[in-house]
Amino acid sequence: MAEFPALPLFTDAYLADTRHLTTEEHGAYLLLLMCAWRTRGCALKDDDLLLSRIAGVSKARWRRLRPSLSDFFLVHNGQWQQKKLSHIYETVSKKVERNRMNGAKGGHAKALKKKAVSLDDNVLKNQPFRQAQARFLPGWQKLQCHEKQRDNAHAERITTKTKTKSNLGSSNGLVDTSFAATPEKDVFARIAAAAAIHKGHLDKTVVKHWFEAGASLLADIVPTIERIREREKRRQGQVPQHLAYYSAAILEAQHKRAGAITMGQEGVAHVPELPERKAFCHMHSQDWRAFLGDAKSRFRGEYLSRNWCIPESHPLFLAADLGPDPCHRVNPAIPLDVYEEYAQNWGWRPRGESSSLTTDIKEKKETT
């Protein structure tokens, strides 16, 4: 089997360089590339008999193919080498070697751990093994103890976080600015879990100072401590051991949150109230113009043609029926001056002598 069974083939580059070759030359070239890839060192011997056999042609036919195919290779020191193929070969070789070294390191560490677990009294009977056990087991026991403490701390942190979410904060579970409103035991347990510090080592004066400044446990204190703790752990490999380290950042977070709330309240206060909606009067031209809008806007006309009604959500008028859409049928409810103003721009049906509205107007004039 070849050292690297898979040969990367970049079709775009290959076709761009070989479109002038015949089908026979394509086949011979690909066979040369594949055999070179399977050869250690990624090179072929400059021997016409060998190369003709690789290409699958007679020696006489190979002499005709050789001039066109040799242009793709560097023929030097009795070898045929393809520059691009050699570069890919070196890259794959380095990657495989790197993976092999990493695998060896991981396997060695796994073997040591497995060996430590399998040590027992039956194996350690003679003095050499007892000496090895005396050197190895203390460090292993220390590592096991450290992992156990870490797992216990993680479990305690998850449990405390779950309990705190159900017990702390206001109705929305996010804001709790009163220290007296929350049991002191729960507050310090939550902060100790966030800072990864033993609860007995907390400076309670610093915590009370945070609450007196208006900081919220779940909105300011806990998120800030967790963010800075992870940052320092990445930068220095350890977490801060005193709560005063977090004070400036917590007070800054509280100040930003309070400022955002104030700005939001001020913005709501400056929003003007919507006017009280009134009933739409079909006889008033000003009501029609307020509803129809700009008579020169073709977009407004097309929109109203698709939505010819006053909906419940209209800001000025109560919901009302407007009669037929004037784009399809003459609407006698629209005042004549409004009709003439909007009809030409919005494509309304013209009011002719035979329209029902004109007939109604004539009948009313004759009656009066």
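Reported count of residues in the stretch 330-358, each being more than 18 Å from residue 281 (Cα to Cα), surrounded by fewer than 14 Cβ atoms within 10 Å (Cβ to Cβ), at pLDDT 50 or above and more than 54 Å from the chain's Cα centre (by Cα), is 3.
Conditions tested, residue by residue: (1) modelled with pLDDT of 90 or more; (2) in a helix (DSSP H, G or I); (3) not hydroxyl-bearing (Ser, Thr, Tyr); (4) not assigned by TED's automatic domain parsing to the domain that holds residue 192.
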site	(1), (2), (3), (4)
225	yes, yes, yes, no
233	no, yes, yes, no
256	no, yes, yes, no
262	no, yes, no, no
265	no, yes, yes, no
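Scanning the stretch 2-57 for residues that are touching a Leu at 6+ places or on another chain (Cβ under 6 Å) and hydroxyl-bearing (Ser, Thr, Tyr) turns up just one, 29. When the stretch 1-33 is limited to residues that are β-branched (Val, Ile, Thr) and over 37 Å from the mean Cα position of the chain (by Cα), the one that is surrounded by the most Cβ atoms within 10 Å (Cβ to Cβ) turns out to be 18. Considering only the stretch 69-89, I want to know if a residue exists there that is in contact (Cβ under 8 Å) with a residue 60 or more places away in the chain, of a type in the set (Ser, Thr, Tyr) and closer than 25 Å to residue 13 by Cα. Checked the stretch 69-89: at least one residue is in contact (Cβ under 8 Å) with a residue 60 or more places away in the chain, of a type in the set (Ser, Thr, Tyr) and closer than 25 Å to residue 13 by Cα.
All conditions in (1) at pLDDT 85 or above; (2) part of a loop (DSSP other than H, G, I, E, B); (3) in contact with a Phe, Trp or Tyr (Cβ under 7 Å, 6 or more places away or on another chain); (4) hydrophobic (A, V, I, L, M, F, W, C) hold for residue 211, with the sole exception of (2). Does residue 44 count as farther than 13 Å from residue 86 by Cα and at pLDDT 85 or above? No, not satisfied.
Checked against (1) hydroxyl-bearing (Ser, Thr, Tyr); (2) modelled with pLDDT of 85 or more; (3) surrounded by 13 or more Cβ atoms within 10 Å (Cβ to Cβ); (4) over 25 Å from residue 49 (Cα atoms), residue 91 passes all but a single condition, namely (3).
The values are calculated or read from the model by the stated rules, or taken from the named source; none is laboratory data. Just so it is clear, the model here is predicted, and its values are computed rather than measured. All Cβ positions, glycine included, derive from the backbone under ideal geometry; neighbour counts span all protein chains shown.
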